[in-house]
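The values are calculated or read from the model by the stated rules, or taken from the named source; none is laboratory data. On a predicted model such as this, the values are computed, not experimentally measured, just so you know. Here the Cβ is made from the backbone with ideal geometry for all residues, glycine too, and neighbour counts use every protein chain on show. For accessibility, only protein heavy atoms count, side chains too; no ligands or nucleic acids. Shrake-Rupley method; radii C 1.70, N 1.55, O 1.52, S 1.80 Å.
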Amino acid sequence: LTLEGELALAADRGEFELFYQPQVHLIDGSLVGAEALIRWRHPVRGYVSPAEFMPVVNTSALSERIAKWVMETACRQARAWELSGNDVRVAINLSPSQLQSGDLAHSVAALLDETGLTPSLLEIEVTEDILLHDERRVLEMFKRIQELGVRILFDDFGTGYASLSYLKKFPLDGLKIDRSFVFGLLSNSDDAAIVGSTIGLSKQLGLTVVAEGIENRATADLLVSMGCEEGQGYFFGRPMPAEAFEKQFLAEL
Ligand code: G
Ligand code: G
Ligand code: MN
Ligand code: NA
């Protein structure tokens, strides 16, 4: 069986799960949201990272099916949390192939309708390589999704090829500063310059900025002093199953 075949079986057998990683206000550590990250619970190998299987998913017929499953699972979870009195913004990741499959804006609208989720509690993280695709079509799709009230953020910002002019052209709601710049923040002046400029740029453009890969207090403090308001990283919590996330971060369900 090829990996693609195994993945199709895994989907049939319900072996995929979403883990949730907290996103917090850096100043007081309060929860603002969660990034949903897919895991494959393999019956023999245990949890398999998406870094191993998403590249195969993205070039296969499974791409759209997995995207739908991720959206549906995340929206249902976010709605359950919302109903329990916890407004948790849930961010999902969609690869360029997933963004281009079918009519995504229509799928999102149908899902919001079906679950009753408040649209602003859903975020979509996209990587800069989506901009390699038909610009007009992508722009149109982003607009339709945002008209629903769903937010779109650029993930891994700074690692791609995208020029700053795209920030003007695309109606984004925010940027996530890639962890590769955050790791070196305390020791590397180039990283500090890049992060500082990205925060400044985001503010000037009215975008939310989220720093990823925060692994210690000192990095969080430095980010606050640089004007970054939201962050995510092992220091605040690793990606974890929904039940663990609820126990650690949510009020009584
Ligand atoms: O969670 P982890 O660090 O192992 O994720 C590795 C990579 O897989 C990251 O780049 C992340 O964005 C991506 N990823 C995680 N979950 C999903 C998902 O549900 N869909 C897509 N398209 N990518 C994901
Ligand atoms: O590409 P993307 O930004 O979606 O990747 C998210 C992944 O980054 C998560 O799956 C998670 O495993 C990883 N991650 C999140 N926080 C940290 C961190 O503080 N340190 C490291 N090394 N990885 C992190
Ligand atoms: Mn992401
Ligand atoms: Na990233």
Check: Counting just the residues of the range 155-183 that are among the acidic types (Asp, Glu) and within 13 Å of ligand 3 (Cβ to nearest atom), which one comes out farthest from the chain's Cα centre (by Cα)?
Finding: Asp178
Next item on the list: Consider only pairs whose beta carbons are under 6 Å apart and that are at least six residues apart or on different chains; among these, list those whose first residue lies in the range 156-183 and is closer than 17 Å to Thr208 by Cα and of a type in the set (D, E, K, R) and whose second residue is more than 10 Å from ligand 2 (Cβ to nearest atom) and assigned to a loop (DSSP other than H, G, I, E, B).
Entry: Asp178/Gly158
Check: Only one residue in Asn93, Asn86 is more than 19 Å from Lys169 (Cα to Cα), within 16 Å of ligand 3 (Cβ to nearest atom) and modelled with pLDDT of 95 or more, so which one is that?
Finding: Asn93
Checklist line | Single match in Glu243, Glu230, Glu215, Glu147 (criterion: touching a strand residue (DSSP E or B) at 6+ places or on another chain (Cβ under 6 Å) and at pLDDT 95 or above) | finding: Glu230
Notebook entry, point to check: Pick from Ala110, Ala67, Ala74, Ala105: which is in a helix (DSSP H, G or I), of a type in the set (Gly, Ala, Ser) and surrounded by fewer than 18 Cβ atoms within 10 Å (Cβ to Cβ)?
Noted result: Ala110
Checklist line | Checking Glu215 against (1) within 16 Å of the chain's Cα centre (by Cα); (2) surrounded by fewer than 19 Cβ atoms within 10 Å (Cβ to Cβ); (3) within 16 Å of ligand 4 (Cβ to nearest atom); (4) of a type outside the set (Ser, Thr, Tyr), the condition it does not meet | finding: (1)
Notebook entry, point to check: Any idea how many residues of the range 136-167 are open to solvent by 10 Å² or more (accessible area, probe 1.4 Å) and closer than 13 Å to Ser202 by Cβ?
Noted result: 4
